[in-house]
Amino acid sequence: VADLALLIVAADEGVKPQTLESLDIIKKENLKFIVVITKIDTQGADINKVKDADIFVYIGSGEPKVERLARITKGQIVKIGSLIPENLLIRTFEIEEHNQHFDIEHSNEAFHPAVWLDPRLAIIIANSYYKTLVKLDPKNRDFYYKNYSKFVLKSVNLYIQWKDKFDKLNNKYFISYHYLYPYLTKAFGLNYIAVIELGHGRKPTIKHILHISELIRKKKIKYIFASLYFFNPKYLALLKKEGVKIIYLDPMGVHSKNYFETMNNLLENIYKGLKK
């Protein structure tokens, strides 16, 4: 049974009959849900069609056009970045080489947006969802509190379980294709030593590939990690010559039913790669 449903609305089509059917099912199952807006950049997209949402959630970093959408939304706005204490947001890159090459002037990221990959931060976000839902629908306060409490308990248990497992590993060196995991590596005590792509769409130089190859040999790395939707097979093939294997991850939960399935699958795959 899912804990959270995603109701997907294309900005160029708006609410369709099947959207309403899905919404009816979600309500019958008493599921919490988030509206996900796609195709905002598509020619002919009409973002005004989503202005009547009761709640609009966005991260607040790496989303250059979402502020415009937030301004026309009549409902409650939940800006995730403003919920998290300043000292817990990652604003600089943990990898020194990444800092040297990344042109911050051309970045839309005031902080790293992948905050959901730390279960402790997910609890902070869920608390805001709970308060917002209660404000809009106070008669169902007990229902929302029950779901929120379950989410907190499961998040704490997930964090404790996996933190204990990662703490016992001898190898904690983490290399990924895309710089997507600083919150995760920080939360679980891993050493994020390199990324292949030094920024969104930035091709790695030969010098950088050689640097990573040297790290692989020096640290005896057996696996590196790539997200299912962020990688170039050409550069991974170059590193495979060093004998490493690639583990593909799904940090956005495209193939998962809920947040906990996403995180457990993600952490299980990372753990297997580091343990071998």
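Keeping to the range 149-177, report how many residues are touching a strand residue (DSSP E or B) at 6+ places or on another chain (Cβ under 9 Å) and either under 17 Å from residue 128 (Cα atoms) or small (Gly, Ala, Ser) (or both).
Here the count works out to 2.
Any residue in the range 248-271 that is under 16 Å from residue 230 (Cβ atoms) sitting within a Cβ distance under 7 Å of a residue that is among the β-branched types (Val, Ile, Thr) and part of a strand (DSSP E or B)? List the pairs, counting only those 6 or more apart or interchain.
Filtered contacts from the range 248-271: 269/247.
Give just the number: which of (1) within 19 Å of residue 181 (Cα to Cα); (2) hydrophobic (A, V, I, L, M, F, W, C); (3) in contact with a Lys or Arg (Cβ under 7 Å, 6 or more places away or on another chain) does residue 134 not satisfy?
(1)
Provide a single number: the residues in the range 246-275 that are in contact with a strand residue (DSSP E or B) (Cβ under 9 Å, 6 or more places away or on another chain), surrounded by 19 or more Cβ atoms within 10 Å (Cβ to Cβ) and not aliphatic (A, V, I, L, M).
3
I'm told residue 208 meets every condition in (1) touching a residue at least 60 places away in the same chain (Cβ under 8 Å); (2) over 22 Å from residue 113 (Cα atoms); (3) out of contact with any Leu (no Cβ under 8 Å at 6 or more places or on another chain) except one. Can you identify the failing condition by its number?
Answer for residue 208: the failing condition is (3).
Tell me, which residue of the range 104-124 that is at pLDDT 95 or above and surrounded by 20 or more Cβ atoms within 10 Å (Cβ to Cβ) is nearest to the chain's Cα centre (by Cα)?
117
Of the conditions (1) more than 30 Å from residue 161 (Cβ to Cβ); (2) touching a Gly at 6+ places or on another chain (Cβ under 8 Å); (3) of a type in the set (Phe, Trp, Tyr), residue 235 satisfies every one except a single condition; which number is it?
Going through (1) more than 30 Å from residue 161 (Cβ to Cβ); (2) touching a Gly at 6+ places or on another chain (Cβ under 8 Å); (3) of a type in the set (Phe, Trp, Tyr) one by one, residue 235 breaks only (2).
Out of (1) without any contact (Cβ under 8 Å) to a residue 60 or more places away in the chain; (2) touching a Leu at 6+ places or on another chain (Cβ under 9 Å); (3) of a type in the set (Gly, Ala, Ser), the odd one out for residue 126 is which?
So the condition that residue 126 fails would be (2).
The values are calculated or read from the model by the stated rules, or taken from the named source; none is laboratory data. Since this is a predicted model, take the numbers as computed values, not measurements. Note that we place each Cβ from the backbone using ideal geometry, even for glycine, and neighbour counts take in every protein chain shown.
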